[in-house]
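Visitor: Input: one structure, supplied below.
The values are calculated or read from the model by the stated rules, or taken from the named source; none is laboratory data. Small disclaimer: the values here were computed from a predicted structure and weren't measured. Cβ coordinates were reconstructed from backbone atoms using ideal geometry, including for glycine residues, and neighbour counts include every protein chain displayed. Calculation scope for accessible area: heavy atoms of the full protein, side chains included, ligands and nucleic acids excluded. Shrake-Rupley method; radii C 1.70, N 1.55, O 1.52, S 1.80 Å.
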Amino acid sequence: MDRKSFLSLLDKYLKGNTTKEEEGYLLNYFDSFQEEPLENWPMELGDPQELKEKMLGRLQEEIHPRGVKTLKAKPIRKTKLLQYAASVVLIAGAAYTFIHFSKNTSTALVPADQTDAIVLKLDNGNVDVITEHDQKKITDSKGNVVGYQKGNTIAYEQDLSPTKELVFNELTVPLGKRFDLVLSDGSRVKLNAGSTIKYPIQFIQGRSREVEIWGEAYFDVTTDKEHPFLVNANNIQVKVLGTKFNVSSYPEDEDINTVLVEGSVALSNTNASYAQAAHQIVPNQKASWNKQMGAMTIEEVDTDIYTSWINGRIVFKNTPFKNIRKKLERRYNVTILNNNQSLDERTYNASFDIETIEEVMEAFKENYAIDYAITNDQIIIN
């Protein structure tokens, strides 16, 4: 987003006319110069940090009722729903994932009626809306074919002519959807709902293979000892040679998590304020970087809990409710409002796969006798 577009959108916000998506773009633009001076900031617009905090609060709390209707109970298939240590957990809260746009490239805003679409942004800033069942060629900004889309997968060519310049694409998957990507080295990436990945359309001989992720992705990396694979998630960098792992770095989450399935990875913080030795993990371990505390913790985990989403399942095991609601909102692209905030720290075990959000809610109602209502894409628990 250039300065003119930013100021125009900010003026629209100050008049109270922006959507939540547009406010997400504004927040990302604020973040893009979080470490840069603001000598040219128009002071008549007010303090930039104060504006950012107001927008963040509004995005987290804003609910727009549009006529409440009560869901009717309907038969559902038996669901794996287990109580953990006599805990009672309901679904609640509201979470929102911002679409991240790189500060180093111009950004073309997606039309308002396509904010639920999968979007591919080319190196020149142009965007291509991806239809999941389509089959077509993927071209660069000069019209050269660099890959192909077949259904829910985009695969880049592995035999392109050598290049000395990195050219990046950016793929964004909205809430409620998933998508697969095959990079030019054969590495496979599965993107979860509400995620964006920035990557070169072709890696360069003699340089590391480097990508950037916002949200969650599962990587199956092609082994190449001469060209380490680097995944940047916020200020955390994951360095691998050839392995399978899951990275989760949603902006609204407290932690950045890396779960290792196969191989070995080393994690380091790229922020100079947290300079320290790299942390290595082995299979069946999870490394969590707490954004507020600035500390890394490593623990043994059941990797199936963290990677089940790639097979369409969602698994909770001794999971705090505040985390459950975020995952359900991303999975089903809904907003869940809980009027009993004391539930957030209670834990719960459950497993879902093909259920709709209505069936999930009916399972909670059947097991815990909760009352809920739905307003279009908003669920309210009383």
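Visitor: Restricting attention to segment 279-328, which residues are in a strand (DSSP E or B) and of a type in the set (Lys, Arg)?
Guide: Scanning segment 279-328 gives LYS286, LYS317.
Visitor: Still on this structure, I have one more. Evaluate the following for LYS327: is it open to solvent by 50 Å² or more (accessible area, probe 1.4 Å), touching a strand residue (DSSP E or B) at 6+ places or on another chain (Cβ under 7 Å) and either within 19 Å of LYS190 (Cβ to Cβ) or β-branched (Val, Ile, Thr) (or both)?
Guide: Values: open to solvent by 50 Å² or more (accessible area, probe 1.4 Å): yes; touching a strand residue (DSSP E or B) at 6+ places or on another chain (Cβ under 7 Å): yes; either within 19 Å of LYS190 (Cβ to Cβ) or β-branched (Val, Ile, Thr) (or both): yes.
It is true that LYS327 is open to solvent by 50 Å² or more (accessible area, probe 1.4 Å), touching a strand residue (DSSP E or B) at 6+ places or on another chain (Cβ under 7 Å) and either within 19 Å of LYS190 (Cβ to Cβ) or β-branched (Val, Ile, Thr) (or both).
Visitor: Restricting attention to segment 175-193, which residues are outside any strand (DSSP E or B) and either within 19 Å of GLN135 (Cβ to Cβ) or open to solvent by 10 Å² or more (accessible area, probe 1.4 Å) (or both)? Full working, then the answer.
Guide: Step one: list which residues in segment 175-193 are outside any strand (DSSP E or B), which gives 175-178, 183-187, 192-193.
The answer is LEU175, GLY176, LYS177, ARG178, SER184, ASP185, GLY186, ASN192.
Visitor: Let me ask something additional. Does GLY147 meet the test of being assigned to a strand (DSSP E or B) and either open to solvent by 40 Å² or more (accessible area, probe 1.4 Å) or without any contact (Cβ under 8 Å) to a residue 60 or more places away in the chain (or both)?
Guide: Answer is yes for this residue.
Visitor: Residues being over 13 Å from ILE314 (Cβ atoms) and either out of contact with any strand residue (DSSP E or B) (no Cβ under 8 Å at 6 or more places or on another chain) or open to solvent by 60 Å² or more (accessible area, probe 1.4 Å) (or both): count how many of those fall in segment 330-357.
Guide: 8
Visitor: Could you tell me which residue of segment 243-274 is modelled with the lowest pLDDT, considering only residues that are among the small types (Gly, Ala, Ser) and more than 21 Å from ASP302 (Cβ to Cβ)? If you could, list the steps in order and put the result at the bottom.
Guide: As a first pass, look at segment 243-274 and keep what is among the small types (Gly, Ala, Ser): 248-249, 263-264, 266, 268, 272-273.
So of that shortlist, the ones also more than 21 Å from ASP302 (Cβ to Cβ) come out as 266, 268, 272-273.
On the way: ALA266: 92, SER268: 89, ALA272: 59, SER273: 63.
Across segment 243-274, the extreme among qualifying residues is ALA272.
Visitor: Let me ask something else about it. Touching a Lys or Arg at 6+ places or on another chain (Cβ under 7 Å) and over 15 Å from VAL238 (Cα atoms): does that describe ASN152? Show your work before the answer.
Guide: Working: touching a Lys or Arg at 6+ places or on another chain (Cβ under 7 Å): no; over 15 Å from VAL238 (Cα atoms): yes.
So ASN152 fails the test.
Visitor: Of the residues GLN292, GLN285, GLN280, only one is at pLDDT 90 or above, open to solvent by 60 Å² or more (accessible area, probe 1.4 Å) and either on the phi < 0 side of the Ramachandran plot or over 15 Å from the mean Cα position of the chain (by Cα) (or both); which?
Guide: GLN280
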